[in-house]
Each structure stands twice: as C-alpha cells, then as structure tokens.
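Working notes for the structure below.
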Amino acid sequence: MAAPTPTQGTANTPSPALGLRDRHGRTATDLRVSLTDRCNLRCTYCMPEAGLPWLPKPELLTDAEVSRLVGIAVRDLGVNEVRFTGGEPLLRPGLVDIVTAAAALEPRPEISLTTNAIGLERLAAPLVAAGLDRVNVSLDTLDPGTFKELAKRDRLEATLRGIEGAAASGLAPVKLNTVLMRGINDAEAPALLRFAVAHGYQLRFIEQMPLDAAGVWRRDEMVTAAEILEALKAEFDLVPDPAHRGSAPAETWLVDGGPAKVGVIGSVTRPFCGDCDRTRLTADGQVRNCLFARGETDLRGLLRDGASDAEIGARWREAMWGKLPGHGIDDPSFLQPARPMSAIGG
Ligand code: SAM
Ligand code: SF4
C-alpha cells in the first residue's frame, strides 16, 4: 500500500496541513467556547436546582488565555466561527473584551453568543460595538409560572427584555432556542412560534438530550422532532425550506409560505453527526471533540507550562482526530458524559 502523503495523515495521526480533521473525513471549523460553568437560571434539563460544584477560579482560563486559544484556532486551525456560551456567558466579566479580541483576528471569524438574555438589554450595544454578529437566546415558555417551574427562577420578564434589547441593537434576526419537556411546556410550541413570527425572531426547537446533571433524561419521555412538527402543522402551513442545510443542525421549514422559518434540531431522533463541524473548549481549557465525548484534552496545562502556539495547535488537532463517528445515544452501551451541558458549553 502507498505511504500516506503529508496532507492525508495516517490512521493514527492527523495531518498538520488540514486543520481540525478527524479520521472520518469531517473538518471542524465552528468553535464553541464555554466562558463559565455558572448560571443564574436552573433549567431542569440542564442544571439541578441547588446548582453544581462550580469550577474553582484558578482552574478557569483567564481572558487572555481564552483569547490566545481562540486565536490559535482561527489563525492556525481553520476555525471560522466562534460561539461564546456557558453556563451563562453574560456572567463572564470580561465578555466584551473577549469578543473584541476575537473580532480583531485575521481572518475575522463570525462571532456569536448563546445566552439566556438576562441582562442583554444592557450588554447588547457594547457587545455589538465589540464585534458580536449574532445571538441565540434560550426561551422555553411565554408563561411566567411555567418559566419559574422550568428554570426555578422568576425571570421571564428579564429574558424578554433582553431579547428586545438584542433586536434593538441590530442583532437581528435574533434566534430563539426552545427545549420542550413533556407535561411542562410541550403544549406551548404553537404559541412560541406565533410569538417568534410576530416579532421577526427565528425559532428553533431542540430535542432534549441526555446532558442534564441529574442524569434523569429518558428516551421514551423526551418530546421528539416528529411530535413537535405534528403540533406545529396543526396550526401552521409548513413547507420544507429549499435553502441548503449544509452542516447546520436545524432542519428548517417555511411558515405559512415564508419568509418566516422554524427549525427543529432532532439531535436524538435525527442525528446529524456525519456533518458535524464543531470543536468545543470548556471554561477550564479542555477540548472536547463532541458534546457526548467521554474524554477531554487538556490545553490549559500545556498553555500554562509555556507551550508554543504550534504545540497547542498540534494537541488540538490530535484531540479532534479521535472524534467518534456518532454520539451513539441509541446504542445500549451509551454512557452520559460526566460533565453536564452547563459545564460543557451548549
Ligand atoms: N445559558 C445559555 C443558554 O441557555 O442559552 C447558554 C448555555 S446553554 C447550556 C446552551 C443551549 O443548550 C441552550 O439553548 C439550552 O437550551 C441547551 N440545552 C441545555 N441542556 C440541554 C439538554 N439537556 N438538551 C438539549 N439542549 C440543552
Ligand atoms: Fe443556564 Fe443555559 Fe443551562 Fe438554562 S440552559 S440552566 S440558562 S446554562
């Protein structure tokens, strides 16, 4: 058999020339950076009501360390989209400076934020001035009582103010993410879509994944993409969106002839692992090649030991090379990752 050329890599080593490739032919260009594992809400599907043992401050990457790693990813590893998330990224004091540093990179990446929007009415304008391009806001209900039941905090008004503030600051179209839970907010799917269409927001439903800290997710209890579509079709005319899906996880539909759209991310029942282009960095500097990865690769230790950008980049490529072909949720041997969603960064 011919020896691999330098751009192919071997079965055990990634090629230095091809960015964040894996051995199944995918290339990661979309970096998710968790800026904190803390949050001011306690969404049942994500965090227990009592919170979690937070990462100790010395273990968190500093703002300068985050910016250095984002810089390596963008300049040396082919990342062209950077999404800041958490926990709740608006709780990170240095967020505006971190966005400013990302926006100064060449080539300039797309910069986005996933947030619960609490405080966004105040922060949206400085974030836009710093270079933020897009925002995704979690909104699971329009009912204050349901919000309190689901997120264990009475903050619906604050969330809605944040969403309005984001739209007013030019972050349009604001994308909304909704996770439906059976018996709690699953009846609200049409009302949430009516709200989104009326305000010009783009709504996406995300199937609940086994990433809750309590480990109580049950496959037979989750609300499936098929159920969500059925509920929406009872009130809206949905036509598959002719626009190409690419590596986007959401399947989209035109609502009542368009231009409004709705998305459904069937992470569990309609997995899109074959098109995955994500790489993840946790707030304590660990690379995860998948939300569901059982292992992590420590970049913080390398960085604090004085490693060069090239050495850090090589370790990052190795971490991605070993990415599994799929999340395997339906496999009997599936094990939930030790970190919950809030500590990985969704
Ligand atoms: N706090 C921010 C927020 O809620 O948007 C950012 C972090 S949160 C972990 C990111 C996204 O993950 C949110 O859209 C949230 O709904 C989603 N999420 C959290 N736990 C989930 C789960 N078990 N299944 C599916 N999505 C989940
Ligand atoms: Fe916080 Fe976001 Fe998790 Fe809700 S989904 S508890 S807002 S990190």
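A few notes on this one:
- From phi via Karplus (6.51, -1.76, 1.60), per-residue ³J(HN,Hα) for the range 42-47 in Hz, x at Gly/Pro: 9, 3, 3, 6, 10, 9
- Crossing angle, helix 189-199 versus the chain [Cα axis fit, 0-90 degrees, rounded to tens]: 80
- Taking the accessible area of the chain, probe 1.4 Å, and keeping the other protein chains in place, the carbon and sulfur fraction comes to 54%.
- Isolated Cys residues of the chain, judged by Cβ distance under 4.7 Å to other cysteines: CYS39, CYS273, CYS276, CYS290
- Residues whose amide H lies under 5 Å from that of ARG182, counting only those 5 or more places away or on a different chain, are VAL223; hydrogens are built 1.01 Å from N in the peptide plane.
- Mean accessible surface per residue for the range 28-344, computed with a 1.4 Å probe while every protein chain stays in place, in Å²: 41
- Peptides 301-308, 278-285 ordered by average Cβ neighbours within 10 Å, highest first: 278-285, 301-308
- Ordering PRO242, ILE206, GLY119 by the projection of their Cα atoms onto the charge dipole of the range 28-344, which places +1 on the Cβ of Lys and Arg and -1 on the Cβ of Asp and Glu, puts GLY119 at the extreme positive end.
- Per-residue ellipticity at 222 nm from helix content only, as computed over the chain with -39500 (n - 2.57) for each DSSP H run of at least four residues, stands at -8000 deg cm²/dmol.
- Each residue of the range 286-295 is assigned a 3J(HN,Hα), and the resulting list reads 9, 7, 10, 8, 7, 3, 9, 4, 8, x Hz, derived from the Karplus form 6.51 cos²θ - 1.76 cosθ + 1.60 (θ = phi - 60°), x at Gly and Pro.
- Amide H within-cut-off set for GLY285, under 5 Å, with H built and near neighbours excluded: LEU61
- Vicinal HN-Hα couplings computed from phi for the range 340-345 (Karplus, 6.51 cos²θ - 1.76 cosθ + 1.60; Hz; Gly/Pro x): x, 3, 4, 8, 7, x
- Counting only GluC sites (Glu not before Pro) that DSSP places in a loop and that have at most 11 other Cβ atoms within 10 Å, the longest clean stretch of the chain runs over 50-220.
- Here the dipole of the chain is about 540 debye; that uses its Cα centre as origin and unit charges on the Cβ of Lys and Arg (positive) and Asp and Glu (negative).
The values are calculated or read from the model by the stated rules, or taken from the named source; none is laboratory data. Treat the numbers as computed from the prediction; the structure is a model and nothing was measured. FYI the Cβ positions are ideal-geometry reconstructions off the backbone, even for glycines, and counts take in every protein chain you see. These accessible areas exclude ligands, DNA and RNA; they are computed on the full protein's heavy atoms, side chains included. Shrake-Rupley method; radii C 1.70, N 1.55, O 1.52, S 1.80 Å.
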